[in-house]
Amino acid sequence: MGIPQPAFYIFKCEQSSPPGMPKPSCVNAQTRELYQYMSNKLMVMGVTTTVHPIRTACLNRCQMGPVMLIEPGHHMYIGLTKEKIDKIIDEHIIKGNPVKEYIITDEYWDEAISPLKMMEMAQG
Ligand code: FES
């Protein structure tokens, strides 16, 4: 038997805007502890060998931050707080039930376009 794949990757946007930048970002004075909070929770639960939290740069949904993307499944969670992270880990990661009320709406997260189709669209 080989080394098991992770069951989940959690990509947490850790982008912060430089001072004076009008665009919102996921990390500011109020939200900077969220990644560490999530990582600590996973560690205390003893699941970090199968659930990998990963710090990322901008995931292009800045207006709805703080955000994180859970794979597999393309589940994008928005407006994160510690309470939401607790529920997402307990319900989605542990029980396998995505928390629909915290997931971005289809209006802002429509079906992906394949790279091949994107190339065809660019060629007209
Ligand atoms: S800064 Fe987090 S999605 Fe853009």
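Every number here is computed from the coordinates shown, using simple stated rules; none is lab data. Nothing here was measured: the structure is a model prediction, and the numbers come from that model. Note that we place each Cβ from the backbone using ideal geometry, even for glycine, and neighbour counts take in every protein chain shown.
Please go through (1) loosely packed, with under 14 Cβ neighbours inside 10 Å; (2) within 16 Å of the ligand (Cβ to nearest atom) for G96 and return the number of the only condition it doesn't satisfy.
G96 satisfies every listed condition except (2).
Which is surrounded by fewer than 12 Cβ atoms within 10 Å (Cβ to Cβ) and out of contact with any Asp or Glu (no Cβ under 8 Å at 6 or more places or on another chain), of E71, E107?
Numbers: E71 fails: surrounded by fewer than 12 Cβ atoms within 10 Å (Cβ to Cβ).
The conditions single out E107.
Under 7 Å by Cβ, and 6 or more places apart or on different chains, what pairs join a residue from region 50-74 that is in contact (Cβ under 8 Å) with a residue 12 or more places away in the chain and assigned to a loop (DSSP other than H, G, I, E, B) with one that is of a type in the set (G, A, S) and more than 8 Å from the ligand (Cβ to nearest atom)?
Pairs that qualify, where the first residue is in contact (Cβ under 8 Å) with a residue 12 or more places away in the chain and assigned to a loop (DSSP other than H, G, I, E, B) and the partner is of a type in the set (G, A, S) and more than 8 Å from the ligand (Cβ to nearest atom), are T50/A7.
Suppose the filter is among the acidic types (D, E) and within 12 Å of the ligand (Cβ to nearest atom); does E14 pass it?
It is true that E14 is among the acidic types (D, E) and within 12 Å of the ligand (Cβ to nearest atom).
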